[in-house]
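What follows is a single structure, written as structure tokens, with notes after it.
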Amino acid sequence: MYAQFGPAGNPDAFYEAGNKASVQMPAWLGEMMLTAYEYQCSRGVNIKEETAREIGRRSAEHGVKLSIHAPYFISLATEDEQIITNTQNHFLKSLEVALWMGADRIVFHMGGPGKQERGAAMERVKRSFGNVLEQVEKRGLTGIFLCPETMGKQNQLGSLAEVMELCTMSEWVRPAVDFGHLHAVTGGKFVTKQEIETVFDAVAEKLGAEVAKNLHIHFSRIEFTKGGEKRHWTFADNFGPPHEPLVELCALRGFTPRIICESAGTQANDAKVMQDLYFSLKQAHDASATM
Ligand SMILES: [Zn+2]
């Protein structure tokens, strides 16, 4: 079992090569030898069943593992009845698409606290998310992991602790750790192997070693201000965090996460950069282990 690497959404190079639709992505990723793809429903779940099933069929054929990014409109701490209903629907529709595609995880943002104090907002998040989990159970939609993401701005819910708190609510909830976001929200931390390792160790302690070993990860270089995340950049740009410590740590400790690269436009090429480094380190490490 190895770590998997792939892009979030469709990169510029995919379109520059003359491709037009996401259904062409699995074959394109197969050619690049990438093994993961996060399909973006971030602006709403609009995909047709037929298309979703075709993406799923082709992904299986090319050995690409699928996840889905749920709509940004999800807001679990809201007090607005209409938004609560919409939030439930975003989850249920994302799950339906995941079933069609054969995606095994859905990544989502919890939303902001609004005017509530953070602790009170989290209580509301847990109530609201508990209702989502109940619906999931009732409709027989378990089997797909729901993954709350660590967020990059101070005014968003989704610190690592808050994410892990949600993950204790069901075996079907697992963390999505965005290291670019952690870097941005902490004003530049998570640049060394030691700092990154604390995340894996915290997850292992709270949720178990297996969850830590198979984390869902987002990675990109991110520019930040005092409020946190400002903008995603590429590996060619002069922003942090560096990708090498994360990849080295995974190769060294035998972690096999799925790492989704969220670079701006170059997300597949940058995923490939991480993958190449991972396998070269893995080879060197395994060779020295058998000597
Ligand atoms: Zn996200």
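The values are calculated or read from the model by the stated rules, or taken from the named source; none is laboratory data. Everything numeric here is computed off the predicted structure, so don't read it as measured data. Ideal geometry is used to build each Cβ from the backbone, glycine not excepted, and the neighbour counts take in all protein chains shown.
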Where a residue in the stretch 137-151 is at negative phi and its partner, wherever it lies, is basic (Lys, Arg) and within 16 Å of the ligand (Cβ to nearest atom), with Cβ under 6 Å and at least six apart = Phe145/Arg105; Phe145/Arg174; Cys147/Arg105; Cys147/Arg174
Limited to the stretch 167-194, what total is found for residues that are surrounded by fewer than 18 Cβ atoms within 10 Å (Cβ to Cβ) and assigned to a helix (DSSP H, G or I)?
-> 2
Since Thr51 meets every condition but one in (1) of a type in the set (Ser, Thr, Tyr); (2) assigned to a helix (DSSP H, G or I); (3) within 15 Å of the chain's Cα centre (by Cα), which condition does it not meet?
-> (3)
Name, by its number, the condition in (1) polar (S, T, N, Q); (2) out of contact with any Ser or Thr (no Cβ under 9 Å at 6 or more places or on another chain); (3) within 16 Å of the ligand (Cβ to nearest atom) that does not hold for Ser220.
-> (2)
Hey, does the stretch 78-93 have a residue that's within 22 Å of Pro257 (Cβ to Cβ) and either within 16 Å of the ligand (Cβ to nearest atom) or not hydroxyl-bearing (Ser, Thr, Tyr) (or both)?
-> no
For the stretch 1-16 the number of residues that are modelled with pLDDT of 95 or more and out of contact with any strand residue (DSSP E or B) (no Cβ under 7 Å at 6 or more places or on another chain) is 8
Determine which single condition Lys20 fails, assuming it passes every other condition in (1) part of a loop (DSSP other than H, G, I, E, B); (2) touching a residue at least 40 places away in the same chain (Cβ under 8 Å); (3) over 18 Å from the mean Cα position of the chain (by Cα).
-> (2)
In this structure, does Val211 turn out to be surrounded by fewer than 21 Cβ atoms within 10 Å (Cβ to Cβ) and on the phi < 0 side of the Ramachandran plot?
-> yes
Look at the stretch 29-42 and say how many of its residues are surrounded by fewer than 22 Cβ atoms within 10 Å (Cβ to Cβ) and more than 16 Å from the ligand (Cβ to nearest atom).
-> 5
Within the stretch 130-150, which residues are part of a helix (DSSP H, G or I) and β-branched (Val, Ile, Thr)?
-> Val132, Val136
Assess whether Leu34 counts as being farther than 16 Å from Met110 by Cα, within 20 Å of the chain's Cα centre (by Cα) and in a loop (DSSP other than H, G, I, E, B).
-> yes
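Scan the stretch 274-281 and give yes if some residue there is surrounded by 14 or more Cβ atoms within 10 Å (Cβ to Cβ) and under 17 Å from the mean Cα position of the chain (by Cα), otherwise no. Walk me through how you get there before you give the answer.
Going residue by residue through the stretch 274-281, those that are surrounded by 14 or more Cβ atoms within 10 Å (Cβ to Cβ) are 274-275, 277-279, 281.
Subset that is under 17 Å from the mean Cα position of the chain (by Cα): 274-275.
Yes, the conditions are met somewhere in the stretch 274-281.
Name the residue that is surrounded by the most Cβ atoms within 10 Å (Cβ to Cβ), counting only residues in the stretch 1-27 that are of a type in the set (A, V, I, L, M, F, W, C) and more than 21 Å from Arg105 (Cβ to Cβ).
Here the residue is Phe14.
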Name the residues in the stretch 172-214 that are touching a strand residue (DSSP E or B) at 6+ places or on another chain (Cβ under 7 Å) and of a type in the set (D, E, K, R), would you?
-> Arg174, Asp178
Say whether the condition of being within 16 Å of the ligand (Cβ to nearest atom), surrounded by 24 or more Cβ atoms within 10 Å (Cβ to Cβ) and in a helix (DSSP H, G or I) is met by at least one residue in the stretch 62-75.
-> no
Could you please give the count of residues in the stretch 151-166 that are in a loop (DSSP other than H, G, I, E, B) and either over 19 Å from Glu205 (Cβ atoms) or within 13 Å of the ligand (Cβ to nearest atom) (or both)?
-> 7
Of the residues Leu99, Leu146, Leu92, Leu141, which single one is surrounded by 24 or more Cβ atoms within 10 Å (Cβ to Cβ) and out of contact with any His (no Cβ under 9 Å at 6 or more places or on another chain)?
-> Leu146
Provide a single number: the residues in the stretch 234-269 that are within 16 Å of the ligand (Cβ to nearest atom) and of a type in the set (Asp, Glu).
-> 1
